[in-house]
Amino acid sequence: MISANPILQPKKTFPKEVFLNGEWINSEKAFVSVFDRGFLLGDGIYEVTPFYDGKPFRLKDHLDRLQHCLNEIQIEFDAFSLQEIMLEAVSRSGFFQSDCAVYIQITRGVAPRTHFFPEQIQPTVLLYAFPAVLNGFENKQASVLVSEDLRWHRCDVKSISLMANIKANNQAHSLGLDENLLVRDGFFTEGSHTSVFFVKKHRIFTHPEGPHILSGITRKVILEMCREMDLELSEKALHINELKDVDEVFLTGTTTQILSVKSMLLNEKEIFNRPETGEITRQLQEAFLKLIRSLS
Ligand code: PDD
């Protein structure tokens, strides 16, 4: 259906080493208890931070969001205590001058299974760096599947319980598509792992922050760039019936950056087709490229 899968990252491999509960361990020897609440209940959160040429991008924003998520689910942990370890993960993995990302996962920890939060429990902290393709996004386009947004009502919390996201994305993947656009009550919210923007008559639309989307860091960068570039912007959700007037659609995310949407499939029908990347998407991609390649 599509010539190349643009979002697909290099063949996933296990990292050699992970940082688990305060120490660096060969990943083959890194184990977590079967009574960890992440395993039993999906009781945890995660964060993914990009590093361009080995340099962090928006590190503070990522750690702020991690702290927000920890606070929201009442895990007592200082997200910023991981800052140095993130940098160490990148250098230990040899990504001094290459593009990569750092994955962090924090679960509530190990305890006999209960639906309430146990007291005096030590969080389980996992962190590792992995290679990521963070270039060439400006030459690609994505084909997406429009799916019902079946997620919970706290999508601002980057929960490790991703069943609704992965079920939707698996369907897209099985159709040879790259991502989903999720629709809740007729309104586009975001992708299964990306934020989404629409351009309609030179105005950019994106879902407002709140419980129905993740507050994307790349989304935030786009909003800043729109202001700097004097582009018209509305943080307003777009209804699926408004799609006919939409000129451009693009996805954003840490490992996706800014990806133009070529086509949209809904119930086996193509409801959107733009074989070229639009003008505003192009302008934002150029500005974003300047930003990431000027990191020091
Ligand atoms: N996904 N929306 C959802 C549901 C996401 O999972 C993500 C990120 C985004 C984009 O956020 P950001 O610009 O901060 O990456 C939006 C990550 C990368 C993941 O799940 O791997």
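The values are calculated or read from the model by the stated rules, or taken from the named source; none is laboratory data. It should be emphasised that the depicted structure is a prediction, and the values quoted were computed from it without experimental measurement. All Cβ positions, even for glycine, are placed from backbone atoms using ideal geometry, and neighbour counts span all protein chains on display. Protein only, heavy atoms only, side chains kept; ligands, DNA and RNA dropped before computing areas. Shrake-Rupley method; radii C 1.70, N 1.55, O 1.52, S 1.80 Å.
Calculate the dipole size of the chain relative to its Cα centre from +1 charges on Lys and Arg beta carbons and -1 charges on Asp and Glu beta carbons; express the result in debye to the nearest 20.
The calculated dipole for the chain is roughly 420 debye.
Based on alpha-carbon centroids, what's the gap between the stretch 144-190 and the stretch 48-106 in Å, whole number please?
If we compute the Cα centre of each part, the gap is 24 Å.
So for the chain, taking the charge dipole from beta-carbon charges (+1 Lys/Arg, -1 Asp/Glu), which of GLY176, PHE96, ILE271 sits furthest toward the positive end?
So the residue we want is GLY176.
Exactly which GluC sites (Glu not before Pro) in the stretch 59-142 are in a DSSP loop and have at most 10 other Cβ atoms within 10 Å?
GLU76, GLU119
Let me have the relative contact order for the chain, percent, based on Cα pairs under 8 Å that are six or more residues apart. Show your work: numbers first, answer last.
Details: 580 pairs, mean separation 54.2, N = 296.
The normalised contact order for the chain reaches 18 percent.
Given a Förster distance of 25 angstrom, what is the FRET efficiency for ASP78 paired with LYS55, based on the Cβ-Cβ distance and rounded to 0.05?
So, using R0 = 25 Å, E works out to roughly 0.60.
Would you calculate the separation in nanometres between label points at GLN122 and SER174, each defined as 7 Å from the Cα along the Cα-to-beta-carbon direction?
Using points 7 Å along Cα→Cβ, the separation is 4.2 nm.
In percent, what relative contact order does the stretch 17-131 have, based on Cα pairs under 8 Å that are 6 or more apart in sequence?
36 percent
Can you sort LEU223, LEU87 by solvent-accessible area, 1.4 Å probe, largest first?
Correct descending sequence by accessible area is LEU87, LEU223.
For HIS193, what charge total do you get from the other residues with a beta carbon under 12 Å from its beta carbon, if Lys and Arg give +1 and Asp and Glu give -1?
Summing Lys and Arg as +1 and Asp and Glu as -1 gives -1.
Between SER98 and GLU235, with labels modelled 7 Å along Cα→Cβ, what's the label distance in nm to one decimal, could you check?
Result for the modelled spin labels: 3.8 nm.
Just to make sure I understand: if all protein chains stay in place, what is the order of GLU276, GLU17 by accessible area at 1.4 Å, largest first?
GLU276, GLU17
Which loop-located trypsin sites (Lys or Arg not before Pro) does the stretch 192-284 contain, where loop means any DSSP state but H, G, I, E or B and the Cβ has at most 16 other Cβ atoms within 10 Å?
On the way: sites: LYS200, LYS201, ARG203, ARG219, LYS220, ARG227, LYS236, LYS244, LYS262, LYS269, ARG282; in loops: LYS201, LYS236.
Passing sites in the stretch 192-284 are LYS201, LYS236.
What number comes out for accessible area per residue over the chain if the probe is 1.4 Å? Units Å², please.
Details: 14950 Å² over 296 residues.
About 50 Å² of surface per residue is accessible.
Which FRET efficiency value, to the nearest 0.05, do you get for HIS202 and SER294 by plugging their Cβ-Cβ distance into 1/(1 + (r/R0)^6) with R0 = 25 Å?
In this case the efficiency is close to 0.35.
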